[in-house]
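Participant: Can you read through this structure? Questions will come right after.
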Amino acid sequence: MNRTSLKGGALPSLIVVCLAAGASIARAQSLPAPWMAADIGSPAIAGSATHSSGTFSVVGSGSDIGGTTDQFQFVYQTAQGDFEILARVAALEANDPLAKAGVMVRASLAASAPNAFVGATNRKGWIFLRRIAAGAATDSYSTRPSGAAPGWIRLVREGSLLSAYQSTDGSAWTLLGSETIAMPSTMYVGLAVTSRSISKTARATFSNVAVSPLSGDNRLPTVSISSPASGTSFSAPSSITIAAAASDADGTVSRVAFYSGSTLIGSDETSPFSAAWSSPPAGDHVLTAVATDNGGATASSAPVAISVSGSTNQLPSVAITSPASGATFTAPATVAIAASASDADGTVSRVDFYQGTTLIGSDTTAPYTASWSNVATGNYSLTAVARDNAGGTRTSAAVSVTVTSGNQAPSVAITSPASGATFTALATISVAASASDADGTVSRVDFYQGTTLIGSDTTAPYTASWSNVAAGSYTLTARATDNGGAARTSTGVSITVNTAPNQLPSVSLTSPANGATFTAPATITVAASASDPDGTVAGVDFYTGTQLIGSDTTAPYTGSWSNVAAGTYSLTAIARDDRGASRTSASVTITVAGAVKISTVAFTPSADHATNVTSYSVALRRSTDAVTATPVATRDLGKPPVVNNEIAVDISTLVDPLSSGSYYAVVTAIGPGGSTASTPSATFTK
């Protein structure tokens with residue numbers, strides 16, 4: 001079995017390394033001989049190990065130590081014969097609750113090799129694992145002490161017997177279990193770390209690492225509780241007899257002490273070893289027996305869990321006595337918290353003080369107090385939780401306190417619009433708020449829609465105008481800032497902007513005027529004005545009756561209607577908006593008259609027609625030509641007779657060949673003394 005000390009005297013077949021905490025060893029980042037490191041089972045993330053000043057730092061990943069194969073980082077040396085390995089797990093940093101760090105004895109470096117392991121888990125207590133044959137399933141010893149690193153562990157190899165121990169102080173050891181595992185003459189012994197994750201690593205720190213042979217030193221005794229059995233229940237009031245079997249391989253057992261947790265129940269110096277526990281309190285208890293041999297070595301039994309039931313435990317009473325609810329403090333505050341607590345059927349074992357779910361402090365003796373320091377600005381809810389000797393708890397009524405910055409934040413509320421108000425898109429919404437500051441002045445009020453700033457105002461009454469608001473649901477808030485920089489946001493006001501019904505565009509014909517006349521074949525320019533109050537005009541179509549005569553998509557809206565025959569027509573314009581709505585203008589009536597055929601030119605004869613005129617000529621010019629321009633057609637009229645003081649001559653042969661257009665005529669009297677031209681006639685259309 002195990003020894004009580006780690007002394008020298010290594011066996012020839014055993015490599016011994018003893019790294020005591022605090023030893024003066026030169027710092028190094030590599031492992032000292034004979035230590036080596038390897039990943040067992042080829043984890044996806046490679047592990048590593050360093051050593052400095054007597055402390056090993058081991059990083060490992062891997063799926064687990066367990067099942068039929070293992071994956072972990074192993075810092076090891078070889079060993080033969082009977083020996084023990086001891087270490088203190090100083091720290092374990094990992095994500096998985098069952099990540100592990102401990103000591104191991106292994107038949108080989110194969111992933112499926114037989115092995116024994118004892119160590120700490122991240123959050124599931126201390127564990128003893130063993131695989132008794134290559135490729136066999138790994139078993140976990142049923143007794144698993146609670147707690148976590150830091151703590152001490154040791155594995156002892158005596159022939160085929162491997163025994164696992166755990167200790168909180170490295171002095172008093174508890175046997176977790178033993179297993180018979182056939183091992184080869186040369187084994188692998190060392191430190192093992194697994195993250196129990198293929199994608200993350202775990203880091204463990206080991207100190208006081210020692211591999212030592214078993215020599216003739218005093219060996220630990222063995223002890224186990226034989227009665228009561230684990231899981232036994234008793235009814236209070238009762239007296240429980242606890243019995244233990246104890247022996248010592250190299251001496252005698254001088255005493256066995258019995259404990260409930262850390263409380264001594266009694267001791268016995270003669271076999272059979274027993275103690276009577278009178279009137280144990282109701283609740284769950286963990287019993288252990290500690291054997292001391294004639295050499296002073298001690299060993300603890302595996303724990304035995306029992307329960308004692310009794311009358312229903314009355315919960316303790318508790319109330320916070322300070323600070324008073326509603327108290328205010330100035331940041332960074334130190335808040336002294338006090339509570340009164342009592343238990344009608346027992347004692348108060350502890351009072352815990354909380355802010356929300358955060359533990360502030362605990363006290364085990366009355367008066368129950370805690371000090372909460374460096375408290376930032378905010379509103380807080382304080383409670384006290386009293387726990388009695390039977391494990392019952394009760395939470396006090398909450399006490400609300402406020403920690404301010406010294407400057408009180410202003411108050412602010414939206415006064416308009418009311419929550420639930422509705423508007424029609426595209427809305428213009430006036431937002432107003434009231435704001436005040438108890439210990440200063442309001443310097444500004446900012447208005448928000450969600451996180452979007454709508455506007456700001458620095459003087460009361462505080463308002464903002466929000467324009468062209470589209471359809472949707474919105475939450476409006478106002479945030480007031482005071483002259484000290486403190487700010488407070490109002491309660492949100494919910495409003496709804498509904499989609500507006502589409503307003504029709506407006507349209508009117510601006511040209512031609514109603515009643516206008518034209519001469520066929522006419523070309524008529526049509527124009528319209530159009531607008532849309534809630535959108536844009538997409539286009540204007542021009543019609544005569546139901547016949548489309550033109551369209552335009554940009555202002556000014558116009559159309560050209562050519563070769564219009566004689567007749568009376570009704571013109572309209574239809575405007576279309578961007579949402580497909582349309583409106584028709586008032587109609588305009590026009591007349592296109594048929595073309596008059598010019599065949600005769602009539603003129604008043606010259607005053608000296610009878611005495612001095614020898615002949616007349618006529619010249620036709622375009623209406624756009626000056627009278628000095630070259631005529632488009634001329635003809636000598638001779639000297640026709642005067643009838644009723646007028647001369648009329650048929651000039652159809654002169655007019656007919658002309659192209660379509662507008663013309664005027666000039667008649668010239670010709671005589672010996674020269675020629676005289678008439679004024680231009682009215683224009684006529686060909």
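The values are calculated or read from the model by the stated rules, or taken from the named source; none is laboratory data. The structure presented is a predicted model; accordingly, all values stated were derived computationally and were not measured. Don't worry about glycine lacking a Cβ; one is built from the backbone with ideal geometry, like all the others, and counts go over all protein chains shown. Surface accessibility is based on the protein's heavy atoms, side chains included, excluding ligands, DNA and RNA. Shrake-Rupley method; radii C 1.70, N 1.55, O 1.52, S 1.80 Å.
Participant: Over region 367-495, average the accessible area per residue using a 1.4 Å probe and give it in Å², no decimals.
Facilitator: On a per-residue basis, region 367-495 sits at 48 Å².
Participant: Separate question: At what distance in angstrom do the alpha carbon centres of region 584-605 and region 170-231 lie from each other?
Facilitator: Each part's Cα centre sits 125 Å from the other's.
Participant: State the Cα centre-to-centre distance between region 388-409 and region 534-562 in whole Å.
Facilitator: 77 Å
Participant: Here's a follow-up. By average Cβ neighbour count within 10 Å, what is the ranking of 679-685, 471-477 from highest down?
Facilitator: 471-477, 679-685
Participant: OK, next. What's the carbon and sulfur percent of region 159-307's accessible surface, probe 1.4 angstrom, rounded to a whole number?
Facilitator: About 49 percent, which is the carbon plus sulfur part of the accessible surface.
Participant: Still on this structure, please answer the following. So if R0 is 35 Å, what FRET efficiency would residue 336 and residue 123 give, r being the distance between their Cβ atoms, rounded to the nearest 0.05?
Facilitator: The calculated FRET efficiency here is 0.55.
Participant: Hey, got the dipole for region 209-367? About the Cα centre, +1 on K and R Cβ, -1 on D and E Cβ, debye to the nearest 20?
Facilitator: 240 debye
Participant: What lysines could a cross-link reach from residue 100, if we take a straight Cα to Cα line under 25 Å and drop same-chain neighbours fewer than 8 places away?
Facilitator: Counting by Cα, and skipping residues close in sequence, residue 100 has these lysines nearby: 124, 200.
Participant: Over all distinct Cα pairs, what is the inverse of the mean 1/r for region 264-376, reported as the Kirkwood hydrodynamic radius in Å?
Facilitator: Mean inverse Cα-Cα distance, inverted, gives 18.5 Å.
Participant: To the nearest 0.05, what FRET efficiency results for residue 53 and residue 250 with a Förster distance of 45 Å applied to their C-beta separation? Mind dumping the intermediate values first?
Facilitator: Values: r = 36 Å, r/R0 = 0.80.
The value I calculate is 0.80.
Participant: Let me ask something else about it. If you add up the charges near residue 519, with Lys and Arg at +1 and Asp and Glu at -1, over every other residue whose beta carbon is less than 15 angstrom from its beta carbon, what do you get?
Facilitator: Here the charged neighbours net out to +2.
Participant: For the chain, what's the relative contact order in percent, using C-alpha pairs closer than 8 Å and at least 6 residues apart?
Facilitator: It comes to 7 percent, rounded to a whole number.
Participant: Test of understanding: what is the full-extension gain from residue 451 to residue 653, defined as 0.36 nm times their sequence separation minus their Cα-Cα distance? Each step should come with its number before you reach the end.
Facilitator: On the way: separation 202, 0.36 × 202 = 72.72 nm, distance 8.72 nm.
Full-extension gain reported as 64.0 nm.
Participant: What is the spin-label model distance, in nm, from residue 517 to residue 42 if the labels are put 7 Å beyond Cα along the C-beta direction?
Facilitator: That separation, rounded to one decimal, is 10.9 nm.
Participant: Rank 507, 194, 71 by how far each Cα sits towards the positive end of the charge dipole of the chain (+1 on Lys, Arg Cβ; -1 on Asp, Glu Cβ) and give me just the farthest.
Facilitator: Most positive-ward Cα: 71.
Participant: Would you kindly calculate the translational diffusion coefficient of region 400-535, applying Stokes-Einstein with the Kirkwood radius from alpha carbon pairs, for 4 °C and a viscosity of 1.567 mPa s, and quote it in µm² s⁻¹ without decimals?
Facilitator: For these conditions, the coefficient is 70 µm²/s.
Participant: May I pose another question? Which value results when the Cα radius of gyration for region 92-155 is divided by 2.2 N^0.38 Å?
Facilitator: 1.12
Participant: Still on this structure, I have one more. In whole percent, and with a 1.4 Å probe on the protein chains, what portion of the accessible area of region 47-119 is carbon and sulfur? Don't skip to the answer; put the middle values down first.
Facilitator: Numbers: 800 of 1650 Å².
Of the solvent-accessible surface of region 47-119, carbon and sulfur hold 48 percent.
Participant: Here is a further query. Under a 1.4 Å probe, what is the accessible area of region 32-135 per residue, stated in Å²?
Facilitator: On a per-residue basis, 29 Å².
Participant: What full-extension length gain, to one decimal in nm, is calculated for residue 271 and residue 546 as 0.36 nm per residue of separation minus the Cα-Cα distance?
Facilitator: Extending this stretch completely gives an extra 86.5 nm.
Participant: I need the Kirkwood Rh of region 175-229: take the reciprocal of the average 1/r across all distinct C-alpha pairs and report it in angstrom.
Facilitator: Hydrodynamic radius (Kirkwood, Cα only) of region 175-229 equals 16.3 Å.
Participant: Grab the alpha carbons of region 542-625, take their convex hull, and tell me the volume per residue in Å³. List each step's numbers first, then the result.
Facilitator: On the way: hull volume 14.2 nm³, N = 84.
Value for region 542-625: 169 Å³ per residue.
Participant: May I ask for the percentage of alpha-carbon pairs in region 411-479 that lie more than 15 Å from each other?
Facilitator: The share of Cα pairs beyond 15 Å in region 411-479 comes to 51 percent.
Participant: What FRET efficiency, computed as 1/(1 + (r/R0)^6) with R0 = 30 Å and r the Cβ-Cβ distance, is obtained for residue 506 and residue 565, rounded to the nearest 0.05?
Facilitator: Values: r = 32 Å, r/R0 = 1.06.
After rounding, the FRET efficiency stands at 0.40.
Participant: Next question. Starting at 0 and stepping by 10 Å, how many percent of the alpha carbon pairs of region 389-436 end up in each bin?
Facilitator: Going from the shortest bin to the longest, the percentages are 16, 23, 18, 18, 14, 8, 3.
Participant: So how do 407-415, 508-516 stack up, highest first, on mean other-Cβ count within 10 Å?
Facilitator: Averaged packing, sorted descending, gives the order 407-415, 508-516.
Participant: Using a basic spin-label model with each label point 7 Å from the Cα along Cα→Cβ, how many nm lie between residue 630 and residue 419?
Facilitator: 9.3 nm
Participant: Can you tell me how much longer the chain between residue 263 and residue 536 gets when fully stretched, taken as 0.36 nm per residue apart minus their C-alpha distance, in nm with one decimal?
Facilitator: Gain in length upon complete extension: 89.2 nm.
Participant: Computed from the mean reciprocal separation of all distinct C-alpha pairs, what Kirkwood hydrodynamic radius does region 134-236 have, in Å?
Facilitator: After inverting the pairwise mean of 1/r, the radius is 17.1 Å.
Participant: Related question: Once label points are set 7 Å from the Cα along Cα→Cβ at both residue 364 and residue 172, what is their separation, rounded to one decimal in nm?
Facilitator: Inter-label distance under the simple model: 1.4 nm.
Participant: Residue 597: which lysines have alpha carbons under 18 Å from its alpha carbon, excluding same-chain residues fewer than 8 sequence positions away?
Facilitator: Output for residue 597: 686.
Participant: Of the listed values (i) 1.09; (ii) 1.03; (iii) 1.49, identify the label whose number matches Rg/Rh (Cα atoms, Kirkwood Rh) calculated from this model.
Facilitator: Step by step, Rg/Rh (Cα atoms, Kirkwood Rh) for this structure corresponds to label (iii).
Participant: Checking a compactness column here: for region 470-555, what do you get for Rg(Cα) / (2.2 N^0.38 Å), N being the number of residues?
Facilitator: 2.18
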